[in-house]
Amino acid sequence: MVECAPFQGWRFSPAAGELAKLIAPPYDVIAPDEEQALYDAHPHNIIRLIRSRATPEDTATSNAYTRARALLEEWCAAGVLARDPRPSCYLYEQEVVVDHRPRRRLSVIGLTKLVEPNAGELFFHEHTFAAPREDRLRLLQAVEANLSLISSLFSEPAQGPVMALLRAWAAERPPDAVVPFRQETHRFWCVTKPSQLKALQAAMRDRTLVIADGHHRYEAAWLNRERSPWVMLCCGWLEDPELVILPIHRIVRRRPPGTGVSVVERLDRCGEVTKLKSVSELLRRLARADGQGLFGYYTDRAVWLVRTDPDLCAEVRRHSPALGGLDVAILHHGIFPRLFGATLADLVVLDYTPDAATACGAVDRGEAEGAWLLRPMQGALIAQLARQRVLLPQKSTYFYPKLLTGLVLHRFDTAR
């Protein structure tokens, strides 16, 4: 049974500085140059907790994780972070312009009792990996706090009770905080009325959740459940027409050695190939297209639309019945083996980005050989596969915009 329980969160006080200079994106989408910019933005930026830096002198008892704990305790003692006086849930609205149209999404932050992933109440949608899980577990055990928001999705009808409550709360009064970040606007309300909190808990009680972002952090919390059986989650509406899921494009930094002629000369091995005039035309064609196995390939300022051979799509489905119909699976298990050979397909060196201009720009600057441009997945399909316990390949989805880190923290010693 899913809970969305109130808690006394810790938030940056007015004395800490301008909130826009104190927040950060999730730790795992921060590029090295952006990390430095966040460090430079303000001495109290949350980056110092979520991405505390290692040094050559680190030991088992003095390291990036112990320094994060010491700094968190220092900030709490000095009033940089202040505990909310009453148990609260937190209403969160994100606004961003996508395809020239404003999108505004409401979600709610509360504590959820930890349950085993994929056991019936809460589901993962993608694979996790040992190294980031261990990193987040060590940080969690050191700081004894949820420093950042895990993004989850619940399902309900268009006029469902949870979203009705959140809309009513947002209409009731102006937000407590408005935070500009990049081209986004984030709004935040502290909700403390017992009647509202009870209504929310009742409305959420029969919901199941799908983790959108934060799989490794949830796994770390689950492994740490004896210390704290609760975890801070942000719960959003799966069917929300304002939900934005971007594709993650593949930048080919280096193809396998010894694969001879260029990729363009081999594209017709994969299916029907059409040369287009521009990337914008390609993106329009991808957005309008139905069916499986449609991609763009960009190289040498030339743009190609690739419609995968149906026989190749069928071959991938036989290899992986649950995932074989997904474009990302067709690319990795169909296109790449057809281009480079089955034994060399896994040797393609890739980078990933949700931004087509970034992918093509890397090619234009000579930093990459080519870029594969994909279509986004739909939220309903992601949730359907997750509830069937089918995990997506790495880098299949990009939920946008990301939840900000630093709006509220949950410390275990002040759990409820």
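Throughout, read-outs are computed from the coordinates displayed, never taken from laboratory work. Note that this is a predicted model, so its numbers are computed, not measured. Reconstructed Cβ throughout: ideal geometry from the backbone, glycine too, with neighbour counts over all protein chains shown.
Some points to look at:
- Extension gain, R86 back to R227 (0.36 nm per residue minus Cα-Cα distance, nm): 48.5 nm
- For the chain, with +1 on Lys and Arg beta carbons and -1 on Asp and Glu, the positive-most of W222, A171, A15 along the dipole: A171
- Remark on L392: its backbone amide H falls under 5 Å from those of E126, H127, a criterion applied only to residues 5 or more positions apart or on other chains, H modelled at 1.01 Å from N.
- Magnitude of the charge dipole for the stretch 277-320, about its Cα centre and with charges confined to Cβ atoms of Lys, Arg (+1) and Asp, Glu (-1), is about 200 debye.
- Relative to the longest principal axis of the Cα atoms of the chain, helix 194-204 runs at roughly 30 degrees.
- Test item: Cα-centred dipole of the stretch 248-375, Lys/Arg +1 and Asp/Glu -1 on Cβ, debye: 120 debye
- For the stretch 345-393 versus the stretch 270-294, the gap between their alpha-carbon centres in whole angstrom: 15 Å
- Cα long-axis angle, helix 32-41 against the chain (0 to 90 degrees, to the nearest 10): 30 degrees
- Degrees between helix 64-78 axis and first principal axis of the chain (Cα, 0 to 90, nearest 10): 40 degrees
- Lys pairs under 28 Å by Cα in the chain, provided they are eight or more residues apart or on distinct chains: 8
- Comparing P241, Q183, L197 along the charge dipole axis of the stretch 160-258, the residue lying farthest to the positive side is Q183, per the Cβ-charge model.
- A Förster radius of 25 Å, combined with the Cβ-Cβ distance separating R318 from N118, puts the computed FRET efficiency at roughly 0.50.
- Between amide H atoms placed 1.01 Å from N, distances below 5 Å from L243 occur with no residue 5 or more places distant or on a separate chain.
- The local environment of I30, defined by Cβ-Cβ distances under 11 Å, has a net charge of -2 under the rule Lys, Arg +1 and Asp, Glu -1.
- Taking label positions 7 Å along the Cα-Cβ direction at both A164 and Q36, the computed distance is 5.4 nm, reported to one decimal.
- Neighbour net charge for S52 - beta-carbon separation under 12 angstrom, K R +1, D E -1: +3
- Surface/4 of the Cα convex hull for the chain, nm²: 21.5 nm²
- For the stretch 248-375: relative contact order, % (alpha-carbon pairs under 8 angstrom, 6 or more apart): 44 percent
- Alpha-carbon centroids, the stretch 223-248 and the stretch 66-133: separation in whole Å: 8 Å
- Placing unit charges on the Cβ atoms of the charged side chains and taking the dipole of the stretch 248-375 about its Cα centre, the candidate lying farthest along the positive direction among W372, V252, H333 is W372.
- Summing Cβ point charges (Lys, Arg +1; Asp, Glu -1) relative to the Cα centre of the chain gives a dipole of roughly 520 debye.
- Proximal charge balance of L137 [Cβ under 13 Å; K/R count +1, D/E count -1]: +1
- Protection proxy ranking of 32-38, 13-19 - average other beta-carbon atoms within 10 Å, highest first: 13-19, 32-38
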